[in-house]
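Visitor: So that we are looking at the same thing, I have put the structure below in structure tokens.
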Amino acid sequence: MDDKIARLEHGAPQREWLCRCVDDDERFNIATVGAASGDVEIAGPELQGCFRLRDSEIAVFRRALDEAIAVAQEDIARYDAQAATQRAEPQPPAQTSAH
């Protein structure tokens, strides 16, 4: 195995997570979230858009992410409710043309 891959000791906490995502071209991809030396590192697909959070930056990012998740969940619930309402509305009968 490559020496650059983080090695986990038995009982040590997980330090890297791979998260499925969709890139700018609407293709499925992988983003990485890692923890190292008290920092949180986030890397977009193909390591584009990498950044590191330290100290209070972690709490601010977490709060922003939690709020964004809540708004996204509200959006999904609203879209689902609209779709259900549209499905429940009776459709007018198709008109036939008389010859």
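The values are calculated or read from the model by the stated rules, or taken from the named source; none is laboratory data. Fair warning: this is a prediction, and the values are worked out from it, not measured in the lab. Here the Cβ positions follow ideal geometry from the backbone for every residue, glycine too, while neighbour counts run over all protein chains shown. Remember, those area values only see protein heavy atoms, side chains included, never the ligands or the DNA or RNA. Shrake-Rupley method; radii C 1.70, N 1.55, O 1.52, S 1.80 Å.
Visitor: Limited to the stretch 37-66, what total is found for residues that are open to solvent by less than 100 Å² (accessible area, probe 1.4 Å) and not in a strand (DSSP E or B)?
Guide: Number satisfying all stated conditions: 14.
Visitor: Restricting to the stretch 12-36, what's the tally of residues that are surrounded by 12 or more Cβ atoms within 10 Å (Cβ to Cβ) and either of a type in the set (A, V, I, L, M, F, W, C) or outside any strand (DSSP E or B) (or both)?
Guide: The qualifying residues number 7.
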